[in-house]
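Engineer: Below are the structure tokens for one structure; questions will follow.
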Amino acid sequence: MHSTLPGQPFFHYQHAQLQVEGCDLGALAQQHGTPLFVYSKAAMLAALGAYQRGFAGRHAQICYAMKANSTLAVLQVFAQAGCGFDIVSAGELARVQAAGGDVAKVIFSGVGKTRAEMRQALAAGIGCFNVESEAEIEVLNAVALEMQMRAPISIRVNPNVDPKTHPYISTGLKGNKFGIAHERTLAVYQYAATLPGLKIVGIDCHIGSQITDATPYLDAMDRMLDLVQSIEASGIAIEHIDFGGGLGINYQGDAPPQADALWAQLLAKLDARGFGQRKLMIEPGRSLVGNAGVCVTEVLFMKPGEQKNFCIVDAAMNDLPRPAMYQAYHAIVPLDATPKATPALVCDVVGPVCESGDWIGRDRSLQVEAGDQVAVMSAGAYCMSMASNYNSRGRAAEVLVDGSRATLVRAREPVSALFAGESLVG
């Protein structure tokens with residue numbers, strides 16, 4: 001028996017045992033312990049392939065938004081596939097360098113870059129700063145002049161387009177902290193063009209994350225192209241147009257457009273408006289890694305109650321923060337789908353952390369008992385990269401699967417590492 005999970009072609013059951021590519025997840029959990037993150041290299045490359053097909057024949061650069069998952073082996077997969085990287089800190093830049101990424105293909109986003117980070121990025125030779133405020137423009141100009149350099153910049157526009165996503169991951173509305181207001185953009189470009197430490201190379205826009213409808217992208221593109229026309233009419237050349245990322249994935253019956261289908265629509269609009277040959281940049285993150293990963297966790301206890309039943313597992317909100325932060329849904333499936341005599345129980349799947357907010361799934365029907373293992377699906381994005389040591393819990397191990405080969409790419413964090421940098425008072 002071989003059955004694939006909906007929306008997860010690289011995860012399937014074979015003889016009732018959950019597999020990733022050619023590896024058995026139960027065997028990986030036995031070898032490396034739980035909680036355990038497992039990633040499919042083929043799933044990442046397939047997701048990237050949809051973007052590459054969409055941009056075939058175009059002058060385009062795909063920059064993986066590494067905040068989604070910054071594990072070195074994941075970065076290595078995308079670097080070897082020719083991707084650049086979208087970073088938001090000096091730490092992320094250091095990770096790109098450690099993974100063998102091309103620093104010239106790095107774009108530095110984020111609203112709070114420090115002077116030290118600006119200096120580090122300039123010295124490394126990154127491709128572009130996506131600047132997000134007039135104050136940042138002035139500081140970056142001063143830092144570049146101190147270093148006797150010119151900083152390549154793209155101004156991030158806030159187009160006031162509603163991406164229709166969770167408010168915490170919406171970034172393109174007037175009330176969001178990101179970017180420069182659409183109405184101020186031309187004046188800010190004209191000011192930046194007078195500063196000797198800056199070189200204008202592009203324009204940038206990012207409206208949010210987990211977007212499942214093409215309409216917000218089309219609306220934002222129209223506003224961006226209007227701006228490019230007015231900026232260039234004022235005598236300022238725009239080399240590239242960066243349309244950001246944010247394309248969603250299927251968590252719970254979500255139906256986002258495929259990347260190649262989405263870009264067919266967007267490129268048709270670009271062509272119609274005369275921008276078809278312009279250099280394009282995009283910053284996908286979640287859509288490249290989200291459905292490439294799972295978190296395997298062991299059932300510790302089943303706890304029936306008068307009002308709620310609980311399935312207590314050894315993964316927690318420090319490993320999988322999205323449900324606690326965003327009330328996010330992740331499918332939860334057993335590693336062993338062999339029918340049991342024990343009836344299914346509707347329960348909340350919760351972790352050991354001392355918070356009522358430590359939950360992974362609400363009201364799930366599961367046929368499991370203590371000692372069984374389950375997989376939390378779609379855990380490749382914004383899980384390990386947002387993991388913490390709350391309750392002095394070490395971060396999980398990570399495994400990358402390539403066909404029948406499984407490589408431990410992050411060892412489980414030992415307790416000693418949690419306070420290695422601390423000192424007692426003499």
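What follows draws every value from the coordinates through simple rules; no lab data is involved. What you see is a predicted model, and the numbers here were worked out from it, not measured in a lab. Glycine gets a Cβ as well: all are built from the backbone with ideal geometry, and neighbour counts include every protein chain shown.
Engineer: About the Cα centre of the chain, what is the dipole size in debye to 20, counting +1 per Lys and Arg Cβ and -1 per Asp and Glu Cβ, all else neutral?
Structural biologist: Rounded to the nearest 20 debye, it is 520 debye.
Engineer: In sequence order, what are the phi-derived ³J(HN,Hα) couplings for region 58-73 according to the Karplus relation 6.51 cos²θ - 1.76 cosθ + 1.60 with θ = phi - 60°, rounded to whole Hz, with x for glycine and proline?
Structural biologist: Each residue of region 58-73 in turn: 10, 8, 9, 10, 9, 10, 5, 7, 6, 4, 5, 6, 9, 4, 4, 5 Hz.
Engineer: Measure up Lys41/Lys113; Lys41/Lys67; Lys67/Lys269; Lys67/Lys303 against 27 Å on the Cα-Cα distance and list the ones that go over.
Structural biologist: Flagged as over cut-off: Lys41/Lys113; Lys67/Lys269; Lys67/Lys303.
Engineer: Nothing charged except the Cβ atoms of Lys and Arg (+1) and of Asp and Glu (-1): what's the magnitude of the dipole of region 109-284 about its Cα centre? Round to the nearest 20 debye.
Structural biologist: 300 debye
Engineer: Taking amide H positions as placed 1.01 Å from N in the peptide plane, with prolines and chain starts having none, which residues 5 or more places from Val299, or on another chain, fall under 5 Å of its amide H?
Structural biologist: Gly371, Asp372, Gln373, Val374
Engineer: Now a separate question. Fewest to most neighbouring Cβ within 10 Å: what's the order for Ile200, Ile180?
Structural biologist: Ranking Ile200, Ile180 by Cβ neighbours within 10 Å, fewest first, gives Ile200, Ile180.
Engineer: Give me, ordered by chain and number, the residues 5 or more places off Ala151 or on other chains with an amide H under 5 Å from its own placed amide H.
Structural biologist: Leu198, Lys199
Engineer: Can I ask one more? 222 nm [θ] for the chain, helices only, -39500 (n - 2.57) per DSSP H run of 4+, per residue, to 500?
Structural biologist: Calculated from helices alone, the mean residue ellipticity at 222 nm is -8000 deg cm²/dmol.
Engineer: In the Gaussian network model of the chain, springs joining C-alpha atoms below 10 Å, which of Leu28, Leu36, Leu320 carries the largest mean-square fluctuation?
Structural biologist: Leu28
Engineer: To test your reading of the geometry: what angle, between 0 and 90 degrees and rounded to tens, separates the Cα axis of helix 259-272 from the longest principal axis of the chain?
Structural biologist: Long axis of 259-272 versus the principal axis of the chain: about 20 degrees.
Engineer: Moving on to the next point. Checking the a/c ratio against 1.5 first, then a/b against b/c, what shape does the Cα gyration tensor give for region 109-284?
Structural biologist: In terms of gyration-tensor shape, prolate.
Engineer: In which sequence would Val77, Val96, Val346 go, from the one with the fewest C-beta neighbours within 10 Å to the one with the most?
Structural biologist: Taking fewest neighbouring Cβ atoms as first place, the list is Val346, Val77, Val96.
Engineer: Roughly how many whole Å is it from the C-alpha centroid of region 286-302 to that of region 373-426?
Structural biologist: 13 Å
Engineer: Also: Along the charge dipole of the chain, Cβ charges K/R +1 and D/E -1, which of Leu262, Cys128, Val157 sits furthest on the positive end?
Structural biologist: Highest projection toward the positive end goes to Cys128.
Engineer: What does the charge add up to near Ser230, with Lys and Arg as +1, Asp and Glu as -1, over the other residues with Cβ less than 12 Å from its Cβ?
Structural biologist: Around Ser230, the surrounding residues sum to -2.
Engineer: What percent antiparallel are the DSSP beta bridges of region 109-284, to the nearest 5?
Structural biologist: Approximately 5 percent, going by the DSSP bridge assignments.
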